[in-house]
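Below: the structure, in structure tokens.
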């Protein structure tokens, strides 16, 4: 191939490129009104999406949904408006083929994402369920999946609990929905259950009367058998064991734990004044002849003294 032939081919390619650029320029000039309209529509869509976001927050604030869920739903609504506006803009620009490609790609992508994120989608669905039901809400003290604490947040992924030690526990929503949940805040009162034991030589009637009177005097509970229940549970190795149950005005597991601690203090003080013993296990070690290994005999003592 000669230099002249190469030069001719290059000029021919340049001419084709210029023709292509001129056709693109003509297309852009012809579509200037559509481009202006598309920019105007997309700007209007952005403004509408922001308005929808604020409107959804205002409307959802009147419902029982969690704050985090209201925010997510509001943002999702705004994103939906923007997506519809994008499709409208593509239609205005006469990009039908591009629109079809985008829809087809979105379908395939959605299927792949759905298969890959089955667990995440299950937690999302469970989060929506938890947001609609009234059995669990922010501020409730619950026990679920071997964790206990105050509900401080429910989002699309997990339920957040603040435990007694102020640590946060994030439990997947799916486990909360499928597992048992004890809600201490669902009732205005909680029952305190305390177990203890007294010595075998104690007067059991006196112990029962004194224990019930101690609870009634230190806690705001009515003096009835239904509200303060005292039951002897059995004969232990070193004590006669009992269980006392009483109600307190509380909807928090932490308050129940505090009341139980205070009850232990009051009962111990009352028993000390009444000379009632709370025994503890004792063991007697019988070493027998094993002491001879460590204690010297009389002959050995005399021999040591002579030395």
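In this simple spin-label model, placing a label point 7 Å from the Cα along the Cα-to-Cβ direction at both residue 235 and residue 213 gives a separation of 2.8 nm.
Listed from fewest to most Cβ neighbours within 10 Å, the set 231, 84 follows the order 231, 84.
If each residue's Cβ is checked for other Cβ atoms within 10 Å, how do 272, 153, 140 rank with the fewest at the top?
On the way: 272 11, 153 16, 140 19.
Fewest to most other Cβ atoms nearby, the residues stand as 272, 153, 140.
The length gained on full extension between residue 54 and residue 138, counted as 0.36 nm times the residue separation minus their Cα-Cα distance, comes to 28.0 nm. In plain terms, the chain from residue 5 to residue 93 could stretch by 27.5 nm, reckoned as 0.36 nm per residue minus the Cα-Cα distance.
Computing FRET efficiency as 1/(1 + (r/R0)^6) for residue 146 and residue 40, where r is the C-beta to C-beta distance and R0 is 45 Å, gives about 0.20.
If each residue of separation counts as 0.36 nm, what is the full-extension length gain between residue 175 and residue 264 once their alpha-carbon separation is subtracted?
Details: separation 89, 0.36 × 89 = 32.04 nm, distance 3.53 nm.
Separation in residues times 0.36 nm, less the Cα-Cα distance, equals 28.5 nm.
The label point for residue 254 and the one for residue 275, both projected 7 Å from the Cα toward the Cβ, are 4.3 nm apart. What the Cβ-Cβ distance of residue 227 and residue 76 gives, at R0 = 51 Å and to the nearest 0.05, is a FRET efficiency of 0.55.
Values in this text are rule-based calculations from the coordinates and carry no lab data. Here the structure is a predicted model, which means the values were calculated and not measured. Cβ sites come from the backbone with ideal geometry, for glycine too, and all protein chains shown count toward neighbours.
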